[in-house]
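To keep things clear, I will list the structure first and then write my remarks on it.
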Amino acid sequence: MQIPNLPLLYMELTKLAREIGFESTCILHVETLKPLHEVRDMCAAGRCRIYGKRWSCPPACGSIERCTQRIEAYQSGILVQTVGQLEDVFDAEGIARTEKTHKKRFETLARQVRCFCPDCLPLTAGGCMRCAVCTYPKKPCRFPKKMMSSMEAYGLLVSDVCEKNGIPYYHGEGTIAFTSCILTP
Ligand code: SF4
């Protein structure tokens, strides 16, 4: 399938994202993406507990310099968000439910975009959990064409990316938002 030109591609991506159910989308200006060692340091601190345990995550996903090079090969993209409603700040179930919905939606979006733009780079929220036990580091990834790294794994500070592209990172009291992006050539 022929890749549409930039405005058409963005319109197509937005339409797809809205159909899939994302509450919020915006064009992503690639020049705003600045991978930071400090974000990697947060990964290494082990908050998500999968640093060094998945092919999708650092250090396996490549150095900050390598991730920067990959990002610079792209011209444009789209940011997508799932915004969930919480009963209160302790609503862990609501957070988990929203995260699950977001990951499912983003899998669908990435799969569909890869059909007409196979060289795109989807960056999701959280590490790849496709397999219960990752093959890292002993064997190659089982699904290298489906595996996705997170924005954080690429050293991106998601709140900063949202702000620079004109989309809220925080949608107000009683909400939680998960953000991902797809970069296109
Ligand atoms: S697809 Fe499986 S093997 Fe590959 S990174 Fe994800 S969990 Fe690991």
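Which of (1) within 16 Å of the ligand (Cβ to nearest atom); (2) assigned to a loop (DSSP other than H, G, I, E, B) does GLU87 not meet, given it meets every other one?
Tallying (1) within 16 Å of the ligand (Cβ to nearest atom); (2) assigned to a loop (DSSP other than H, G, I, E, B), GLU87 fails exactly one: (1).
Scan the stretch 136-150 and tell me whether some residue there is more than 11 Å from the ligand (Cβ to nearest atom), closer than 11 Å to SER180 by Cα and either in contact with a Lys or Arg (Cβ under 7 Å, 6 or more places away or on another chain) or not charged (D, E, K, R) (or both).
At the first step, the residues of the stretch 136-150 found to be more than 11 Å from the ligand (Cβ to nearest atom) are 150.
Subsequent filtering for residues that are closer than 11 Å to SER180 by Cα retains 150.
Subsequent filtering for residues that are either in contact with a Lys or Arg (Cβ under 7 Å, 6 or more places away or on another chain) or not charged (D, E, K, R) (or both) retains 150.
Yes, there is a match, as at least one residue in the stretch 136-150 is more than 11 Å from the ligand (Cβ to nearest atom), closer than 11 Å to SER180 by Cα and either in contact with a Lys or Arg (Cβ under 7 Å, 6 or more places away or on another chain) or not charged (D, E, K, R) (or both).
Filter the stretch 26-68 down to the residues that are over 16 Å from GLU152 (Cβ atoms) and either more than 17 Å from the chain's Cα centre (by Cα) or of a type in the set (Lys, Arg) (or both) and list them by number.
Scanning the stretch 26-68 gives a single hit, GLU65.
With surrounded by 13 or more Cβ atoms within 10 Å (Cβ to Cβ), within 16 Å of the ligand (Cβ to nearest atom) and on the phi < 0 side of the Ramachandran plot as the only criterion, which of ILE95, ILE50, ILE64, ILE27 stands out?
Just one listed residue meets the conditions, ILE50.
Name, by its number, the condition in (1) of a type in the set (Lys, Arg); (2) away from the ligand (no atom under 16 Å from the Cβ); (3) surrounded by fewer than 16 Cβ atoms within 10 Å (Cβ to Cβ) that does not hold for ARG40.
Every condition holds for ARG40 apart from (3).
The rows are residues; the columns are (1) within 16 Å of the ligand (Cβ to nearest atom); (2) under 10 Å from the mean Cα position of the chain (by Cα); (3) surrounded by 12 or more Cβ atoms within 10 Å (Cβ to Cβ).
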| position | (1), (2), (3) |
| --- | --- |
| GLY77 | no, no, yes |
| ASP91 | no, no, yes |
| CYS117 | no, no, yes |
| ALA125 | yes, yes, yes |
| ARG130 | yes, no, yes |
| ALA153 | yes, yes, yes |
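Among the residues of the stretch 7-25, which ones are aromatic (Phe, Trp, Tyr) and over 15 Å from the mean Cα position of the chain (by Cα)?
TYR10 - this is the single residue of the stretch 7-25 that is aromatic (Phe, Trp, Tyr) and over 15 Å from the mean Cα position of the chain (by Cα).
No lab work stands behind these numbers, since they all come straight from the coordinates. What you see is a predicted model; the values in this text were computed from it and never measured. Glycine gets a Cβ as well: all are built from the backbone with ideal geometry, and neighbour counts include every protein chain shown.
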